[in-house]
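Notes follow the structure.
Please treat every number below as a calculation from the coordinates, not as lab data. Quantities reported herein were computed from a predicted structural model and do not represent experimental measurements. All Cβ positions, even for glycine, are placed from backbone atoms using ideal geometry, and neighbour counts span all protein chains on display.
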Amino acid sequence: KQEVTQIPAALSVPEGENLVLNCSFTDSAIYNLQWFRQDPGKGLTSLLLIQSSQREQTSGRLNASLDKSSGRSTLYIAASQPGDSATYLCAVGRSNNDMRFGAGTRLTVKP
Amino acid sequence: NAGVMQNPRHLVRRRGQEARLRCSPMKGHSHVYWYRQLPEEGLKFMVYLQKENIIDESGMPKERFSAEFPKEGPSILRIQQVVRGDSAAYFCASSPGQGGDGYTFGSGTRLTVV
């Protein structure tokens, strides 16, 4: 059974800092891994999708890496801004159906 | 492309009533997934459907909950005889194939049982 863990559960940083969010999973036989952002009371916005054959994806100030052998992914946010404050969710896709989610990291970027 | 559409956005039901949540996937997407998010918790998988087929319902409670994705129209998540513990945000996601292109989520339906 796939278990997805995100550390830390909450993170508070001053504006401008670079930061790393961690995601680990127990079963390395994954199809893909997707990072989402969720604002309070809102839905999920997809940030980055990494296929199992890829090692990283980049979009603007965001960079996500994937190491299947160690069961880890990181989301790197450069030059953080108050608008980055949200909950970040990691989801691991299995070969033919659903994705399993971590509990999320709640990020606060202070001005 | 309107994305994944869920309605209603908010739903209030009294204990014992039925709740019907609707999800229209993105155009061209034939795979639909329902998730539940309890307050201060992560998303829990409930059910995966394709048109007229339930593929995986391993996350659905055995009683009172059912889901369908008919040939025409939206996917429906139905909760019968709701209880206070059913209060949660219910999210629908869709994908074009078997998840290889990732998921697109709707904005969710927030169910409150009073």
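Some notes on this structure:
- Near the amide H of A:Ala103, within less than 5 Å, lie the amide hydrogens of A:Gln6, all on another chain or at least 5 residues away, with H placed in the peptide plane.
- Listed residues A:Ala10, A:Gln51, A:Tyr76: farthest to the positive end of the dipole of chain A (Cβ charges): A:Gln51
- Cysteines in the protein assembly as shown lacking any other cysteine Cβ under 4.7 Å from their own Cβ: there are none.
- Karplus (6.51, -1.76, 1.60) ³J(HN,Hα), θ = phi - 60°, over the range A:80-92, in Hz, Gly and Pro reported as x: 4, 10, x, x, 7, 4, 4, 9, 10, 10, 9, 10, 10
- For residues of B:101-109, the mean tally of beta carbons on other chains within 10 Å: 6
- Highest mean packing comes first when the peptides B:72-78, A:55-61 are listed by Cβ atoms within 10 Å, giving B:72-78, A:55-61.
- Packing rank of B:6-12, A:99-105, where each peptide gets the mean count of other beta carbons within 10 Å, highest leading: A:99-105, B:6-12
- B:Arg20-A:Glu15 pseudo-label distance in nm [points 7 Å out on the Cα-to-Cβ vector]: 4.9
- Here chain A carries DSSP beta bridges of which approximately 90% are antiparallel, counting only pairs with both residues inside.
- Test item: B:65-76 mean partner chain Cβ contacts at 10 Å: 0
- Beta bridges by DSSP in the protein assembly as shown, antiparallel share as percent, to the nearest 5: 90
- Dipole magnitude (debye, nearest 20) for the range B:29-91, charges at Cβ of Lys, Arg, Asp, Glu: 100
- Along the axis of the charge dipole computed for chain B (Cβ charges of +1 for Lys and Arg, -1 for Asp and Glu, origin at the Cα centre), the listed residues B:Val82, B:Gln6, B:Val47 are led at the positive end by B:Val82.
- Two numbers describe the Cα atoms of the range A:42-111: Rg and Dmax, which are 13.0, 43 Å.
- Taking Cα centre as origin and charging only the Cβ of basic (Lys, Arg, +1) and acidic (Asp, Glu, -1) residues, the dipole magnitude of chain B rounds to 480 debye.
- Couplings for the range A:8-13, taken from phi via the Karplus curve 6.51 cos²θ - 1.76 cosθ + 1.60 with θ = phi - 60°, read x, 6, 8, 8, 10, 9 Hz in order; Gly and Pro are left as x.
- Taken about its Cα centre, the protein assembly as shown carries a charge dipole of about 620 debye when Lys and Arg each add +1 at the Cβ and Asp and Glu each add -1 at the Cβ.
- Relative contact order of chain A, pairs being alpha-carbon contacts under 8 Å that are 6 or more residues apart, as %: 37
- Between the range A:64-111 and the range B:28-65, the alpha-carbon center distance in angstrom: 22
- Backbone geometry of the range B:72-81 corresponds, through the Karplus equation with coefficients 6.51, -1.76 and 1.60 at θ = phi - 60°, to 3J(HN,Hα) couplings of 10, x, x, 7, 10, 10, 10, 10, 8, 6 Hz, x marking Gly and Pro.
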